[in-house]
Amino acid sequence: MQTRYTPAGVVSDLSGRIQRDSEGRLQHLITLEGLSRDELNALLDLAQFYVRAVGDLPARDQSLAGHTVANLFFEPSTRTRVSFELAARRLGAEVVNLDMQSSSRVKGETVLDTIYTLQAMHADILVMRDAEPGLPAFVARQVAPHVCILNAGEAHLSHPTQGLLDALTIRQARSDFSQLRVLIAGDIAHSRVARSAWQALTTLGIGELRIAAPEDLMPPEGEFARAVRFSDIDAAIEGVDVIMALRIQRERIIHSQIPDEATYHRTFGITEERLRRAHPDVIVMHPGPMNRDVEIASEVADGPRSMIQQQVTNGVAVRMAVLATIVRNVQARRQF
Ligand code: NCD
């Protein structure tokens, strides 16, 4: 099993085995690593079933009736937290949102004690976001067999539902992945979004994946296998069908020569002018939150090629698909 020892001594499972039950079904969703193309497509198909156009009433069913979802976000979040909450409610679950700023963790309680407290209250699906690598896998090893851990953002390492919603957004726009050139641009080194997108898109058989970053924001060699690396954004953008722009993760950068915002925009920002080098039908994505006119020009973010709002809509559908799948697997386990 591929493992990673973090400074805190927690072992993070990067192979994805910890997230499966003894029958190989997904009990938790911690990483997209190890999910097969069929598994990814099944999740995307179910998500697509839940997608509704903005203006229509959202999809609803009772797949999660009787279940309790607890949102534990130890890092800021708008889209991910709200979409997990809406997804769970639209599937009939009870939802609690913990205010982690005033939670017992700040009084010295361990995360595990908080988890056991929630488990004792019948919370059976725990959605977690944390800056510490390895925490979701660590918690997944400790919880009762009926409890599911869903990773909503783990340090710079993993953000599986974001990877799924990005893949879904691309799939809606372009059906044949094998012909596509996708560019992920910006702070790749510190981005869990980039890592999960890379996992999803390589498993789904993307034609070519490019990553472009200034030298200080490029991940170490050995990561992002088979991706083509660029330090020049103009060269990277040439002919691509999809561009994913990323925010600089200032909160994860300790020592780095990050240029000031204006310089970064001039040398690396996704602008209308640069888009002319891409395929004429290029689509532009961004996970949010955006720093307008830093990594992406406002006119691109709001322009006709932008899929940014569609990504947000897809985010709810993907989280519904993940929740429904995980609960179906728990129910299958209970029948034996
Ligand atoms: C991202 C995250 O938190 O990793 N946002 C998100 O989940 N939509 C990206 C970011 O913070 O830049």
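The values are calculated or read from the model by the stated rules, or taken from the named source; none is laboratory data. Treat the numbers as computed from the prediction; the structure is a model and nothing was measured. For neighbour counting, all protein chains shown are included, and Cβ atoms are generated from backbone atoms with ideal geometry for every residue, glycine included.
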Next on the checklist: Yes or no: the stretch 56-79 includes at least one residue that is in the same structural domain as ARG141 (by TED's automatic domain parsing), within 16 Å of the ligand (Cβ to nearest atom), more than 15 Å from ILE149 (Cβ to Cβ) and at pLDDT 95 or above.
Outcome noted: yes
Checklist entry - Within the stretch 163-171, is even one residue within 12 Å of the ligand (Cβ to nearest atom) and farther than 30 Å from ARG334 by Cα? => result yes
Next on the checklist: Which condition from (1) touching a Ser or Thr at 6+ places or on another chain (Cβ under 9 Å); (2) more than 16 Å from ALA167 (Cβ to Cβ) is the one that ARG60 breaks?
Outcome noted: (1)
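Select from the stretch 181-210 the residues that are small (Gly, Ala, Ser) and within 16 Å of the ligand (Cβ to nearest atom) and list them in ascending order. Walk me through it before giving the result.
Pass one, the stretch 181-210, residues small (Gly, Ala, Ser): 185-186, 189, 191, 194, 196-197, 200, 205, 207.
Selection gives ALA185, GLY186, ALA189, SER191, ALA194, SER196, ALA197, ALA200.
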Item to check | Of the criteria (1) modelled with pLDDT under 95; (2) more than 30 Å from SER22 (Cβ to Cβ); (3) crowded, with 17+ Cβ neighbours inside 10 Å, which one VAL106 fails | outcome: (3)
Checklist entry - Quick one: which of LEU126, LEU164 is assigned to a strand (DSSP E or B), within 21 Å of the chain's Cα centre (by Cα) and not basic (Lys, Arg)? => result LEU126
Next on the checklist: I'm told SER83 meets every condition in (1) under 18 Å from ASN151 (Cβ atoms); (2) part of a helix (DSSP H, G or I); (3) free of Cβ contacts under 8 Å to residues at least 12 places away in the same chain except one. Can you identify the failing condition by its number?
Outcome noted: (3)
Item to check | Exclusive hit being among the aliphatic types (A, V, I, L, M), in the same structural domain as VAL96 (by TED's automatic domain parsing) and modelled with pLDDT under 95, set ALA137, ALA131 | outcome: ALA131
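Criterion first (in contact with a helix residue (DSSP H, G or I) (Cβ under 7 Å, 6 or more places away or on another chain), more than 16 Å from the ligand (Cβ to nearest atom) and not basic (Lys, Arg)) does VAL282 satisfy it? Walk me through how you get there before you give the answer.
On the way: in contact with a helix residue (DSSP H, G or I) (Cβ under 7 Å, 6 or more places away or on another chain): yes; more than 16 Å from the ligand (Cβ to nearest atom): yes; not basic (Lys, Arg): yes.
For VAL282, the condition - in contact with a helix residue (DSSP H, G or I) (Cβ under 7 Å, 6 or more places away or on another chain), more than 16 Å from the ligand (Cβ to nearest atom) and not basic (Lys, Arg) - is met.
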Next on the checklist: Out of the helices (runs of 4 or more DSSP H) lying entirely within the stretch 213-300, which hold 1 or more residues that are among the β-branched types (Val, Ile, Thr) and surrounded by fewer than 20 Cβ atoms within 10 Å (Cβ to Cβ)?
Outcome noted: 261-268
Item to check | Test set (1) out of contact with any Leu (no Cβ under 6 Å at 6 or more places or on another chain); (2) modelled with pLDDT under 95 - LEU86 fails condition number | outcome: (2)
Checklist entry - Inside the stretch 117-154, can you point out the residues that are free of Cβ contacts under 8 Å to residues at least 24 places away in the same chain and closer than 17 Å to PHE74 by Cβ? => result THR117
